[in-house]
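Written out below as structure tokens is the structure these notes cover.
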Amino acid sequence: MSRTRNDDIAVIGWSVSPMERHTAKSETQMLLEVVSGAVDDAGITRADVDFTCAGSCDYVAGVPFSFVQNTDAIGAWPPKSDSHVEMDGAWALYESWVRLLLGDMDIALAMGSGRSSTSDPAILYPMEMDPFYLAPLGADHANLSAMQARTLIDSGMLTERQMAEIAVRTRRDAKSNPLAQVSGDFDVEELLAADYVNAPLRLHDMPPITDGACAVVIARADKARELCENPVWITGFAHYTELHNPGMRDLRSSTAATLAAKAAGVDEAPIEVAELQASFTHEEPLLVEAMGLGPEVSVNPSGGPLAANPIMATGLVRVVEAARQIRVHGRHRTLAHSSSGPCLQQNLVCIMEGD
Amino acid sequence: MRTSHERGIAEVTITVESTIKFPYKRSLGPVIGPFMTALAEQRFIAIRSGSRVICPPLEWDPETAAELPRDFVDVGPAGTVCTWSWVSRPTEQHPLDRPFAFALIKLDGADTALTHVVDVESIDQMSTGMRVAPRWRAERLGHITDVEAFVPGEEAITVNGGVPGEPVTMMSYDASITYKIPVSDNTIKAHEATAQGRLVGLKCPVCERIYARDRGFCPIDTVELTDDHEVELPQRGVVTSYTIITPVQYPGQTETEPFSRVMVLIDEIDVVMMYQPLVDVPVEDVRIGMRVAVVWASEAEKADAGRPGNLVGWMPTGEPDNTDPSLANRIM
Ligand SMILES: [Zn+2]
């Protein structure tokens, strides 16, 4: 595909922090490092960045207005045009991309950060749920996901064995990812012999608790060409949401994921690699089917969120891993996905191509 | 072969545990309000959306987002489990303190499922498609937990009949999250300094601005600040601005009388300390230009574990006021 329009926008640099079960660093410190890493990678300085957008969550940080402290990481003097989303950094990238489409700025930096090790996810997650019908029951992400997994199993779409096989594959693939937190060779029978955590989910079906951060630099075409020998072009970017309450949706699929993938152009040309924010094993086949990805597509070669799950950055890391497949591994067209809300309520798809 | 690793677990870090409470009070509006009122009366209501019956009810059509007419219909009380998960270790946020199931329950007459809990003795008693009915709580407030739990069977377990009360318009949701936050080296050093009666800051090696000892960065130059950058600060200054706060008795507020918070520009250097307490100064005497000096906690006060820090506040020195009119611009 020829790149002549300056409206085309490319990923030109990134940085991902170590993925740790507990970090002693603050979110601001983690961001300071990945922002430095990403601007270095892009061959620029913070002063060259026209727009920044961060994704983080006060409930995760345990600090009100934590994103204000995090602006220490971006070098906001002289003042910068800055924004924040209480969403994964993948949505911060989406806002940055939309901002660059306006045409008056050339370079944007998106980041995501989360230090979820400081609290118990079972206590933390109900805070993101409907405050009338769900949160007062202590309904958390894992239990609502477990109910979606059972729906798939009851419908004959998936078995607990197939779920364990997904865990084995992703943990094996994660061995070649230096950033993976959980990796190694595992045996399906041994995994299935373990107790349930939230039946039908066992520990291997669930993501690890991870502290981490990620930053991505994007630029409009002329600037991207000037700065970068191998820009990774964003050719499609879309997100959709559906009803929040899982009891009002058909949990066997994800309409929002289908629509987002279609809007991003998934069926316009072959996809070689898909990095999906499948935080639970059962979400992977559901998303693969919802997005219409064929068996030829390599899914989560990095190990995905089951290998490291820095919430608020997990989706942005998917973008980096999908971009890495193009810049480092010579793939031509890859897909990154992010999700938010209970049972895959919101879905974002970013499709990227090399020259 | 079987290998696995988890990074970082062995790192030893000082953490401080803090619990943040979220005492939310929410108005319920014209649809959730009647639903909660019905719960207090040991009934379930749903709302019609075209040919569908939606429970729990929503204000808007989930397909079109059009506002729904307030066409309520009774549903349940029994229903069918569409799917479920098993909670072997309940948290303090859960309605039951023993293992239980979360379930999506399609109440009889409804087309959507209500999320709630099922109280059975073991996971073996749970199955998709099983029939359940509510066990109502004796003391009902118009809250989703007025249903203590669903139990297997067709018959609701009611208490005191269903006496209609006042419409429920508000609900409380008291969440709390406990965090174990790692304490940074700079924060420890800041605490040690105040324990020694020292006021210290960190000076950026690039722009030479001075920051609070626990800040850790110059945000202008994005330079990390560490022990190497520590500087001693004078313990006297001048009030550049102030506010008088009349305490509102929100949860956690311990002040009952109006009190002041002042901005102090430290002598000789370009640092303003914000929102500092004044010691023994009636609110009517607080003024810009007042000369002040640091007051440290006494040994007895330091021994009080409940004290937040060793810097008690600032006290007038008795020197003549600074009358420079530009002082009032120095609030940061
Ligand atoms: Zn500086």
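The values are calculated or read from the model by the stated rules, or taken from the named source; none is laboratory data. Just so it is clear, the structure is predicted and the values come from calculations on it, not from any experiment. Positions of Cβ are generated from backbone atoms using ideal geometry, with glycine treated the same way; all protein chains shown enter the neighbour counts.
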Pull up the range A:134-164, narrow it to residues that are of a type in the set (S, T, Y) and surrounded by fewer than 22 Cβ atoms within 10 Å (Cβ to Cβ), then point me to the one that is nearest to the other protein chains (Cβ to nearest Cβ).
A:S155
Determine whether the range B:187-194 contains at least one residue that is more than 17 Å from A:L32 (Cα to Cα), within 16 Å of the ligand (Cβ to nearest atom) and either touching a Leu at 6+ places or on another chain (Cβ under 7 Å) or of a type in the set (F, W, Y) (or both).
no
Meets criteria (surrounded by 20 or more Cβ atoms within 10 Å (Cβ to Cβ), within 30 Å of B:T187 (Cβ to Cβ) and away from chain B (no Cβ under 14 Å)) for A:C57:
no
Can you name every residue in the range B:99-157 that is in contact (Cβ under 8 Å) with a residue 60 or more places away in the chain, part of a loop (DSSP other than H, G, I, E, B) and at negative phi?
B:A110, B:T112, B:R140, B:L141, B:H143, B:E154, B:E155, B:A156
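Okay, residues lined up against (1) surrounded by fewer than 19 Cβ atoms within 10 Å (Cβ to Cβ); (2) away from chain B (no Cβ under 14 Å):
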site: A:A180; (1), (2): no, no
site: A:M206; (1), (2): no, no
site: A:D222; (1), (2): yes, yes
site: A:P231; (1), (2): no, yes
site: A:E242; (1), (2): no, no
site: A:L251; (1), (2): no, no
site: A:D267; (1), (2): yes, yes
site: A:E275; (1), (2): no, yes
Given the criteria surrounded by 11 or more Cβ atoms within 10 Å (Cβ to Cβ) and modelled with pLDDT under 95, does B:R307 qualify?
yes
Going through the range A:308-341 one residue at a time, which ones are over 12 Å from the mean Cα position of the chain (by Cα) and crowded, with 24+ Cβ neighbours inside 10 Å?
A:A323, A:Q325, A:T334
Yes or no: the range B:229-243 includes at least one residue that is within 13 Å of the ligand (Cβ to nearest atom) and either of a type outside the set (D, E, K, R) or within 30 Å of the chain's Cα centre (by Cα) (or both).
yes
Meets criteria (among the small types (G, A, S) and more than 16 Å from A:L93 (Cβ to Cβ)) for A:A193:
yes
Considering only the range B:64-92, state which residues are crowded, with 21+ Cβ neighbours inside 10 Å, within 10 Å of chain A (Cβ to nearest Cβ) and not hydrophobic (A, V, I, L, M, F, W, C).
B:T83, B:S85
Which numbered condition A:G103 fails, given (1) surrounded by fewer than 19 Cβ atoms within 10 Å (Cβ to Cβ); (2) within 12 Å of another protein chain (Cβ to nearest Cβ); (3) farther than 26 Å from A:E321 by Cα; (4) modelled with pLDDT under 95:
(2)
Tally, over the range B:199-219, of residues that are more than 8 Å from the ligand (Cβ to nearest atom) and assigned to a strand (DSSP E or B)
8
Select from the range B:246-276 the residues that are assigned to a strand (DSSP E or B) and touching a helix residue (DSSP H, G or I) at 6+ places or on another chain (Cβ under 9 Å) and list them in ascending order.
B:F259, B:S260, B:L265
Given (1) under 26 Å from the mean Cα position of the chain (by Cα); (2) surrounded by 15 or more Cβ atoms within 10 Å (Cβ to Cβ); (3) not charged (D, E, K, R), identify the lone condition not met by B:W136.
(1)
Listed by first then second residue, the pairs whose first member lies in the range B:202-215 and is more than 19 Å from A:T28 (Cα to Cα), whose partner is among the acidic types (D, E) and within 8 Å of the ligand (Cβ to nearest atom), with beta carbons under 8 Å and at least 6 positions apart or on separate chains, are B:V206/B:D221; B:C207/B:D221
Please tell me if B:V159 is under 30 Å from B:C82 (Cβ atoms), surrounded by 15 or more Cβ atoms within 10 Å (Cβ to Cβ) and away from the ligand (no atom under 16 Å from the Cβ).
no
I'd like the residue in the range B:51-63 that is of a type outside the set (D, E) and within 11 Å of another protein chain (Cβ to nearest Cβ) and, out of all such residues, is nearest to B:K106 (Cα to Cα).
B:C55
Find the strands (runs of 3 or more DSSP E) located wholly in the range A:171-247 whose residues include 1 or more that are of a type in the set (F, W, Y) and either touching a residue at least 24 places away in the same chain (Cβ under 8 Å) or in contact with an Asp or Glu (Cβ under 8 Å, 6 or more places away or on another chain) (or both), and list them.
A:232-241
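Residues are listed down the side, and each one gets a yes or a no for (1) farther than 22 Å from A:V319 by Cα; (2) more than 18 Å from the chain's Cα centre (by Cα):
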position: A:V11; (1), (2): no, no
position: A:S17; (1), (2): no, no
position: A:K25; (1), (2): yes, yes
position: A:T28; (1), (2): no, yes
position: A:L32; (1), (2): no, yes
position: A:S36; (1), (2): no, yes
position: A:C53; (1), (2): no, no
position: A:Y59; (1), (2): yes, yes
Considering only residues of the range B:220-235 that are in a loop (DSSP other than H, G, I, E, B) and in contact (Cβ under 8 Å) with a residue 40 or more places away in the chain, which is farthest from the other protein chains (Cβ to nearest Cβ)?
B:Q235
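Residue-wise test of (1) surrounded by fewer than 10 Cβ atoms within 10 Å (Cβ to Cβ); (2) in contact with a Phe, Trp or Tyr (Cβ under 9 Å, 6 or more places away or on another chain); (3) among the basic types (K, R); (4) at pLDDT 85 or above.
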position	(1), (2), (3), (4)
B:I266	no, no, no, yes
B:V281	no, yes, no, yes
B:V294	no, yes, no, yes
B:A303	yes, no, no, no
B:N322	no, no, no, yes
